[in-house]
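The values are calculated or read from the model by the stated rules, or taken from the named source; none is laboratory data. For clarity, every value in this text was computed on a predicted model and none was experimentally measured. Reconstructed Cβ throughout: ideal geometry from the backbone, glycine too, with neighbour counts over all protein chains shown. Protein only, heavy atoms only, side chains kept; ligands, DNA and RNA dropped before computing areas. Shrake-Rupley method; radii C 1.70, N 1.55, O 1.52, S 1.80 Å.
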Amino acid sequence: MWRYIIRRIFLQGIPVLLGFTFLLYLIITVAPGSPVTHLRGVPDLDTAVIAQREAQLGIDQPFLIQYGRWLGQILRLDLGLSFDSARRPVIDLIGERMPATIILSLSSIILGWGIGIPVGILSARYQYSVFDYIITFFAFVGISIPSFFFGLVLLYMFALTWNVLPAGGFFMAGEPHTFVGYIRYLLLPVLTLGLGSIASVARYMRSSLLEVLNEDYLRTARAKGLRENIVVYKHALRNALLPILTLMGFMLPTIFSGAVIVENIFTWPGLGSLAIQALNERNYPVIMGINLMFAVLIFLGSIIADVSYAFADPRIRYE
Amino acid sequence: MKQISQSKKIWRRFCRNKLAILGLVILIFFVLVSVFAPFLTNYDPNRSNLRNRNLPPSGDHLFGTDDMGRDIFARTLYGGRISLSVGLVSVGISLSIGVVLGAVAGFFGGMFDTVIMRIADVFYSFPFMILAITISSIFGPSIYNTMIILGILSWPSSARLLRAEFLKLKNTDFALAATTIGANPSRVMFRHILPNAISPLLVSATLGVASAILSEAGLSFLGLGVPPPAPSWGNMLNRARPLHILASMPWMWLPPGIAIFVIVLSINFVGDGLRDAFDPRQVMNE
């Protein structure tokens, strides 16, 4: 068991994470323009001065050495200073914004799994019933409707027309953090972000349960006279839920991608809106930091999904 | 008994799926409407007329006009051209990378497989949107950059799919026979094995077009995809985001939003119908 987890982290997780930092550094490096580009246009500036500046910044070194140096810095959690006038450490900026993104994503995951799983189970249990057709249709709608359009529709209805929920943000300055307040601010963004997960979880759950229902051991269970409800909800469901656990790891990147757009619509003070703001200011250290942060979050998420899978499925442990 | 060809069987199975047929009809409608856009409207989608700003829908302007006095009906029609071409080109790019890498990984295995699939994991395990907006802002948003970014970031799914197919097919009798009579590896891979892996690839390409259209609209909505004044459904939605427009001028954001939703829905219906039609486990009572 522990061998499996350790292998999963060191042989799969760490190389992927390293590969990602390499890709990210490559993209930033091949970007047109360098920190000394503006110096090249200055008349009467000795090329020796430019070379000196390059040496100062370390950009006269070969790519791999630059990358190694940068990697060493981020391993010490030194993400550099932001480019804007405040010159704040990037790690602090990210730390401030991260809780809002985590709250938003976690709530959407809970909504998606909480509704998607029971709906998918019922849809499979009553396959080809009217309920099943309606759910199948709405699952298609859920995966096809763009979050930015769905978000605007919700905003239009609940915040602008009926005026029952705030149009965005997450607690005004000085507003007390009450439970009702959380619900009011979270409702629209979480519904927007969660709709897609509800739909895809319901679809996966349905097909996973249907696949299990055809297995031989279920025919045995029925043959020995068990009631259909016990066959489905006890014998079949336990096995059908296993693949859904791994789905968690797969869906995390999608959730975070969606969060960027949803935070943007509802002016949610998370990493996604920080990313857009930083991109508009060409604030590269912040962008790099956010990209890395998301990579680490996804890495942790997939490890958790895999470990819980290993706990749930005894077949994994003895491999 | 008359022999029925394989493709005819597949087509018949596809036709039994009502949602798939509905999707196909809507999709064809969208394609025709955006191809023949100049014949359907007299307005230039990019021509602003400052005297006619913010007009509600009327006989003159079917969907009204936007805050620069441009005809929204015309912009919605021409927006279809952008969505469809970005969808098709980016899927073309991702397929050409994914097919080659997936085939090599599956056929040769060993080091090739490990390295290619680890690279695929790197792309796969990442929030697509964040990397896409980062690259787009560094290289500058444009329609071509959007196509390239979407293509390059989404190859791993077709590579994984094709790798699995190749692993399954490379030890079949016909593939071994081809190797035995001296066909070189690339001929075995692309002339003998690939045609047998075409159906799952087609399904994934169809669904890929839908998600590429969604991603383009999302990027443009964030201002990092197709830049204005070109009419893209995403940047039309972006332009309608100020709360006063959102609240009182729904004609500016409903048409592009509904267009994205309906085209993506119809492509998903078609893709799902294809998946079922190709599935040999589907029993056919003929």
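Residue pairs whose Cβ atoms lie under 8 Å apart, separated by 6 or more positions or on different chains, with the first residue in the range A:187-202 and within 17 Å of A:Phe149 (Cβ to Cβ) and the second among the charged types (D, E, K, R), are A:Pro189/A:Glu263.
Is it the case, given these coordinates, that B:Val33 is more than 13 Å from chain A (Cβ to nearest Cβ), of a type outside the set (Gly, Ala, Ser) and out of contact with any Cys (no Cβ under 6 Å at 6 or more places or on another chain)? Yes, satisfied. Taken over the range B:102-146, residues that are farther than 22 Å from B:Ala205 by Cα, in contact (Cβ under 8 Å) with a residue 60 or more places away in the chain and in a helix (DSSP H, G or I) amount to 4.
Kindly establish whether B:Leu40 is open to solvent by 80 Å² or more (accessible area, probe 1.4 Å), over 23 Å from the mean Cα position of the chain (by Cα), more than 14 Å from chain A (Cβ to nearest Cβ) and among the aliphatic types (A, V, I, L, M). Yes.
One line per residue, one yes/no per condition, for (1) away from every other protein chain (no Cβ under 11 Å); (2) without any contact (Cβ under 8 Å) to a residue 60 or more places away in the chain; (3) on the phi > 0 side of the Ramachandran plot:
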residue: B:Thr179; (1), (2), (3): yes, yes, no
residue: B:Ser186; (1), (2), (3): yes, yes, no
residue: B:Phe190; (1), (2), (3): yes, no, no
residue: B:Leu194; (1), (2), (3): yes, no, no
residue: B:Ile198; (1), (2), (3): yes, yes, no
residue: B:Gly257; (1), (2), (3): no, yes, no
residue: B:Val262; (1), (2), (3): no, no, no
residue: B:Ile267; (1), (2), (3): no, no, no
residue: B:Asp276; (1), (2), (3): yes, no, no
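Look at A:Val141 and say whether it is open to solvent by less than 40 Å² (accessible area, probe 1.4 Å), within 27 Å of B:Leu219 (Cα to Cα) and free of Cβ contacts under 8 Å to residues at least 12 places away in the same chain. No, not satisfied. For the range A:144-186, the set of residues classified as small (Gly, Ala, Ser), within 7 Å of chain B (Cβ to nearest Cβ) and free of Cβ contacts under 8 Å to residues at least 60 places away in the same chain consists of A:Ser144 only. If you check B:Ile97, B:Ile93, B:Ile119 for being among the hydrophobic types (A, V, I, L, M, F, W, C) and either over 29 Å from B:Arg191 (Cβ atoms) or within 14 Å of chain A (Cβ to nearest Cβ) (or both), only one passes: B:Ile119.
Can we say B:Ile149 is under 17 Å from the mean Cα position of the chain (by Cα) and either within 14 Å of B:Ser94 (Cβ to Cβ) or free of Cβ contacts under 8 Å to residues at least 40 places away in the same chain (or both)? So B:Ile149 passes the test.
Residue-wise test of (1) touching a Phe, Trp or Tyr at 6+ places or on another chain (Cβ under 6 Å); (2) under 29 Å from A:Ser144 (Cα atoms); (3) surrounded by 15 or more Cβ atoms within 10 Å (Cβ to Cβ); (4) within 14 Å of chain B (Cβ to nearest Cβ).
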residue: A:Leu209; (1), (2), (3), (4): no, yes, yes, no
residue: A:Asn214; (1), (2), (3), (4): no, no, no, yes
residue: A:Tyr233; (1), (2), (3), (4): no, no, no, no
residue: A:Pro243; (1), (2), (3), (4): no, yes, yes, no
residue: A:Met251; (1), (2), (3), (4): no, yes, yes, yes
residue: A:Phe256; (1), (2), (3), (4): yes, yes, yes, yes
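Results for (1) at pLDDT below 90; (2) in contact with a strand residue (DSSP E or B) (Cβ under 9 Å, 6 or more places away or on another chain); (3) open to solvent by 30 Å² or more (accessible area, probe 1.4 Å), shown as yes or no for each residue.
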residue	(1), (2), (3)
B:Ser136	no, no, no
B:Thr146	no, no, no
B:Ala183	yes, no, no
B:Met189	yes, no, no
B:Ile198	yes, no, yes
B:Ser204	no, no, yes
B:Val209	no, no, no
B:Met236	no, no, no
B:Leu246	yes, no, no
